[in-house]
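First the structure, in the form of structure tokens, and then the observations on it.
The values are calculated or read from the model by the stated rules, or taken from the named source; none is laboratory data. Computed from a predicted model, the values in this text were never measured in an experiment. A quick note on method: Cβ atoms are made from the backbone with ideal geometry, for glycine too, and the neighbour counts reach across all protein chains shown. Protein only, heavy atoms only, side chains kept; ligands, DNA and RNA dropped before computing areas. Shrake-Rupley method; radii C 1.70, N 1.55, O 1.52, S 1.80 Å.
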Amino acid sequence: MAPGYGISSIGSYANDPYFMYALNSYNPNFMGTQQATSQQNTQQTTQPAATVPAIDTTSVSIDPTFKGSPKSSDDGISTGSLITGGLLIAGGALACIKAYKRGDGTGLKKMLNGFKQYGQKFLGSSADDIAKNAANKADNVANKVSNIIKNGGKNLKECTVKNGVDDIVFKNGEISKIVQKTETKVKNITSVSLPSGINSSSKDVHLDHIERTIHLKNGKDYKVILDKNGSITEAFHGKNKIDVNSVEGLADAAQTYTKELKGIKLTLPDKNGVPTDYTRAYNIFVRNGEVVDATYLEGSNTKHLFGDQLKQLQEAIPDEIAKFGRAKNGYGLTPQECIYEYTGANRRYLFNGNTRKVTEAYDIRKTELTSPKKVDAYLEKHNLQNIKTDDKLPENLNVSSATYESSTGNIYTIEDGKIVRIKLKEGCEITSRKGKKYTFGAGETITPKDSRIDIWQGGMNINQKDYQAVLELLK
């Protein structure tokens with residue numbers, strides 16, 4: 001599973017403005033971060049930049065008083081095209097972004113090594129150490145968002161913390177109620193179907209786990225269960241539960257994702273050994289963020305990339321590689337492998353992402369605790385008396401949703417530790433150097449499907465500070 005290097009994993013660098021601008025060139029904390037196009041990725045070079053071009057400080061015109069109605073002029077611009085389109089970025093920030101794009105290595109390590117080319121100091125820590133530390137923390141980001149409870153105060157309009165199947169609901173900085181739930185598994189699952197209109201992309205549906213069927217060279221099929229972070233939880237041969245590590249190659253196969261990507265340009269030796277540019281489609285195999293194999297067709301023959309060729313491929317498409325194994329983007333996972341959860345009024349469903357067939361269902365009985373005495377008794381029973389003041393939530397708890405009003409009046413909706421929607425208090429208009437105008441109306445909601453989120457939060461300093469302040473609460 002490719003780790004997501006979010007701001008919650010960066011630690012002391014969150015206060016470095018150059019670092020933050022560079023990090024926003026690919027921001028996994030926001031689910032709407034756009035996929036870079038193959039054409040953009042193939043134009044990246046693996047050589048470090050020799051110079052930093054001057055910045056045209058007249059490249060952006062902004063009307064901060066604009067309060068027009070929402071109007072879409074979005075042409076699908078991604079973070080990459082935002083940078084190349086010439087929106088105003090501080091000189092130091094551009095150097096950091098160029099370092100990230102052109103540094104050695106991959107992922108966060110690539111970004112940090114790139115920074116070193118421009119004389120950045122990292123408190124004595126090596127890029128390897130920082131990248132390793134970030135990777136170790138990234139998988140637990142949902143358990144580290146208690147800052148929003150501890151420091152959100154009255155701006156935290158509503159927040160739901162899941163304790164198993166129970167919900168602890170905060171409103172205006174205080175616990176308003178605890179919803180206890182008891183579940184009874186539905187035995188006759190063949191008679192259960194999803195409510196009409198519910199599918200894997202519905203608002204209240206979340207990925208629960210991944211079920212992969214692995215066919216090994218020994219001729220046997222195995223079913224492997226992975227959680228939504230890609231960690232193996234169970235393995236089966238037929239109906240028999242097995243230790244995944246007892247079968248050679250099973251764990252690696254279960255956590256290797258493959259997808260065909262087209263239009264990738266690489267410089268490879270031709271049949272005479274002469275370096276030649278080739279643009280091809282590659283079937284790419286990724287494990288834990290590393291390209292472990294890549295094949296392509298030459299006539300009717302399947303060819304493999306090896307050694308430095310695989311490294312060149314990895315460096316050519318770092319943004320794409322980072323998405324492998326992520327169900328929402330579909331990189332390396334087929335819909336039938338994804339098992340989603342939907343909870344209605346009185347029943348919880350687990351269903352196949354491809355067929356909508358219900359695989360498990362549970363009837364739910366709810367009991368609401370609202371009196372201070374009952375709330376305190378519940379918190380004491382579950383050892384959660386310090387839920388509002390502890391540095392982080394216990395590992396079995398996570399903030400499943402929250403609504404937060406920033407100091408500028410923007411309303412942020414947070415789910416599973418990520419910003420998923422922003423309702424804007426004020427309108428504005430941002431114009432790129434090429435004259436492209438992006439209009440944001442007062443009261444407009446920017447969602448993960450709207451690529452203009454990068455433009456909104458990167459085009460004005462006040463927006464940038466507002467967005468970063470909320471991300472700080474998600475650390």
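A dipole drawn for segment 347-455 from +1 and -1 charges on Cβ atoms has a positive end, and of S400, T439, I411 the residue lying farthest that way is T439.
Rounded if a/c is under 1.5, else prolate if a/b beats b/c, else oblate: with a ≥ b ≥ c from the C-alpha gyration tensor eigenvalues square-rooted, which is segment 339-391? Prolate, because a/c is 1.5 or more and a/b exceeds b/c.
Centre-to-centre, using Cα atoms only, segment 187-238 and segment 239-283 are separated by 24 Å. Once all protein chains are placed together, E174 keeps about 100 Å² accessible to a 1.4 angstrom probe. Considering only Cα atoms, the convex hull volume of segment 213-309 works out to 135 Å³ per residue. In this view, the solvent-accessible surface of K203, computed with a 1.4 Å probe and all protein chains in place, comes to about 140 Å². Rolled with a 1.4 Å probe across the full set of protein chains, the surface gives R280 an accessible area near 50 Å². As a rough guide to protection, the peptides 282-289, 252-259 ranked by mean Cβ packing within 10 Å, highest first, stand as 282-289, 252-259.
Once you reduce segment 287-349 and segment 380-442 to the center of their Cα atoms, the two points are 29 Å from each other. For the residue pairs K323/K392; K150/K423; K271/K311; K162/K259; K162/K323; K203/K259, the C-alpha atoms sit more than 30 angstrom apart in K162/K259.
With all protein chains in place and a 1.4 Å probe, the accessible surface of segment 157-278 carries 45 percent carbon and sulfur.
Computed over protein heavy atoms with a 1.4 Å probe, the accessible surface of segment 297-409 works out to 55 Å² per residue. Spin-label model, D308 to T182: label points 7 Å out along the Cα-to-beta-carbon direction sit 6.8 nm apart. Across D167, D376, D270, the residue with the most accessible area heads the list, and the full order at a 1.4 Å probe is D376, D270, D167. Loop-located chymotrypsin sites (Phe, Trp or Tyr not before Pro) across segment 286-339 with a Cβ neighbour count of 10 or fewer within 10 Å are F306, with loop assigned by DSSP.
Under the rule a/c < 1.5 gives rounded, and otherwise a/b versus b/c splits prolate from oblate, where does segment 302-438 land using the Cα gyration tensor? Note, shape of segment 302-438 comes out oblate. Using the Cβ-Cβ distance between E298 and S193 with R0 set to 60 Å, the FRET efficiency works out to roughly 0.80.
When only Cα pairs under 8 Å and 6 or more residues apart are kept, what is the percent relative contact order across segment 274-380? RCO, segment 274-380: 12 percent. When only the Cβ of Lys, Arg, Asp and Glu is charged (+1, +1, -1, -1), the dipole of segment 236-390 relative to its Cα centre reaches about 820 debye.
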